[in-house]
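Down below is the structure, laid out as structure tokens.
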Amino acid sequence: MKVLLNDFVELWTGAEDKVNIKGFEMNHEGRRMMIDRFVGRDEFVPHDLSYYESIIRLIRENLAK
């Protein structure tokens, strides 16, 4: 799945309730099913907020290099 970094940041800072994700999932027949939908925090792997804040910081640090 892909999500724009700014959208991801806004989701985890509380500025937005949902973000647009794009990508694909494999169905039970092994075929790719395209995805383009809005999801909230509840559809991400459950971690403490501090985990996502660390991820955002690390991504930004690596993009600045």
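Worth pointing out:
- Yes/no for Asp7 being in contact with a strand residue (DSSP E or B) (Cβ under 8 Å, 6 or more places away or on another chain) and of a type outside the set (Val, Ile, Thr): yes
- The range 25-65, residues that are open to solvent by 90 Å² or more (accessible area, probe 1.4 Å), touching a strand residue (DSSP E or B) at 6+ places or on another chain (Cβ under 9 Å) and aliphatic (A, V, I, L, M): Met26, Met33, Met34
- Test: residue in the range 7-16 that is surrounded by fewer than 12 Cβ atoms within 10 Å (Cβ to Cβ), part of a helix (DSSP H, G or I) and without any contact (Cβ under 8 Å) to a residue 40 or more places away in the chain: no
- Checking each residue in the range 17-49 for being in a loop (DSSP other than H, G, I, E, B) and hydrophobic (A, V, I, L, M, F, W, C) picks out Phe44, Val45.
- Asn20 being exposed (fewer than 11 other Cβ atoms within 10 Å of the Cβ), touching a strand residue (DSSP E or B) at 6+ places or on another chain (Cβ under 9 Å) and of a type in the set (S, T, N, Q): no
- Under the condition of being touching a residue at least 24 places away in the same chain (Cβ under 8 Å), of a type in the set (A, V, I, L, M) and touching a helix residue (DSSP H, G or I) at 6+ places or on another chain (Cβ under 6 Å), the residues counted in the range 18-65 number 1.
The values are calculated or read from the model by the stated rules, or taken from the named source; none is laboratory data. Please read all numbers here as calculations on a predicted model, not as lab measurements. Note that each Cβ is placed from the backbone with ideal geometry, even for glycine, and that neighbours are counted across all protein chains shown. Just the protein is used for accessible areas: all its heavy atoms, side chains included, with ligands, DNA and RNA removed. Shrake-Rupley method; radii C 1.70, N 1.55, O 1.52, S 1.80 Å.
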